[in-house]
Amino acid sequence: MYNYIALYIDAIHQQSVPALLSLIQQHVPLRSTAHLAAIEKRTDAILEYYRHNVILGSDSLQIRTLMPGYAVIEEQLSHISTGIPNTRKVIFYSTDGAFRAEETIENKLVKQDAMIYFNDTLLFDLNEETPHLRHEDLLPILGVPLRLEAIEDENGIKSCFRAMWPGISIEAVGSCDTHAMSFDGIIQHVQCSYSMFRTGSLLKPGCSVDELLRRYPFAQENGYRIASEQTDVRQTLAVQIESGFISQLSFFHEALSP
């Protein structure tokens, strides 16, 4: 384990793509071209992060834990701000002879992946400050919802509603008429489980986890949650993985207070 850590840090210090790629790929059977692309993306992203954020050198790195199959190192960050930690930890572990470094590095959600399509038709752009859910827009595309229901908040006030179609559920702040099947509101949450619903970069249920990792190489370390914050809006994509494939995409939209 110690030798692997030394080689890993040296490859980063040298900014060597081939050396770091070889270490990350070592003893890992390649599943597909997407898997290789995900490993290459991770390699480039690690080097980029360290180049701009971590002080490399024997004086700025400490091994906190070292045991067979598991180690923790602490690194010194190059940017020091009040109230923000000036160190970070990296966990190394090995399973079935393959070593892995768990790098907790933030991935930012790209705008394309906050756009939700039904096949090739754009349904919602969650990059907007107030993305609307309206019956006159959706009924011609998705048809009559399977379920339309008002949702009570903690005070018992029905200020939100949920509309459901096969493979997609949407919650919004606004009003609905369950008899007339009419609704109008601002989207808060969208959940997709069918492959006809996709993002602008073609992420969708049924895609392999490698398709996610080639876009967001540290998604696993971040609990498969990817977020982005603009001036007025925060979007979060939460991805559910089952047996190596995306089973569900959940989008959260939050308007930020000025």
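Please treat every number below as a calculation from the coordinates, not as lab data. All figures in this text were calculated on a predicted structure; none of them were measured in a lab. All Cβ positions, even for glycine, are placed from backbone atoms using ideal geometry, and neighbour counts span all protein chains on display.
For the chain, lysine pairs with C-alpha atoms less than 26 angstrom apart, excluding pairs fewer than eight positions apart on the same chain, total 7.
With neighbours defined as other Cβ atoms within 10 Å of a residue's Cβ, the residues 209, 28, 233 order from fewest to most as 28, 233, 209. Couplings 3J(HN,Hα) of segment 138-152, computed from phi: 8, 4, x, 9, 9, x, 5, x, 5, 8, 9, 8, 7, 10, 7 Hz, in residue order, whole Hz [Karplus 6.51 cos²θ - 1.76 cosθ + 1.60, θ = phi - 60°; x for Gly and Pro]. Exposure proxy shown here: for 176, 160, the number of other Cβ atoms within 10 Å sets the order, fewest to most, as 160, 176. About its Cα centre, the chain has a charge dipole of approximately 660 debye under the convention of +1 per Lys or Arg Cβ and -1 per Asp or Glu Cβ, with nothing else charged. By the count of neighbouring beta-carbon atoms within 10 Å, fewest first, 55, 80 end up ordered 80, 55. Cα centroids of segment 122-173 and segment 82-111: 36 Å apart. In the chain, the longest principal axis of the Cα atoms and the axis of helix 33-53 are about 70 degrees apart. For a distance above 25 Å, tell me the whole-number percent of Cα pairs in the chain that qualify. When every Cα pair of the chain is considered, 53 percent fall beyond 25 Å. Between the Cα long axis of helix 2-13 and the first principal axis of the chain there is an angle of about 70°, rounded to the nearest 10.
Summing charges over neighbours of residue 164, with a neighbour being any other residue whose Cβ is under 12 Å away from its Cβ, gives 0 when K and R count +1 and D and E count -1. Computed on the Cα trace of segment 67-107, the radius of gyration divided by the Kirkwood hydrodynamic radius gives Rg/Rh = 1.10.
Stretch residue 179-residue 196 to full length: gain in nm at 0.36 nm per residue minus the Cα-Cα span?
Value of the extension gain: 3.3 nm.
The label point for residue 146 and the one for residue 243, both projected 7 Å from the Cα toward the Cβ, are 2.0 nm apart. Here the label points at residue 13 and residue 96, each 7 Å from Cα along the C-beta direction, are separated by 3.3 nm in the simple model.
Using Cβ point charges alone (K and R +1, D and E -1), the dipole size of segment 2-102 about the Cα centre works out to roughly 180 debye. Taking Cα centroids, how far is segment 187-254 from segment 1-27 in Å? Cα centroid to Cα centroid, the span is 29 Å. Considering only Cα atoms, the convex hull volume of segment 1-42 works out to 61 Å³ per residue.
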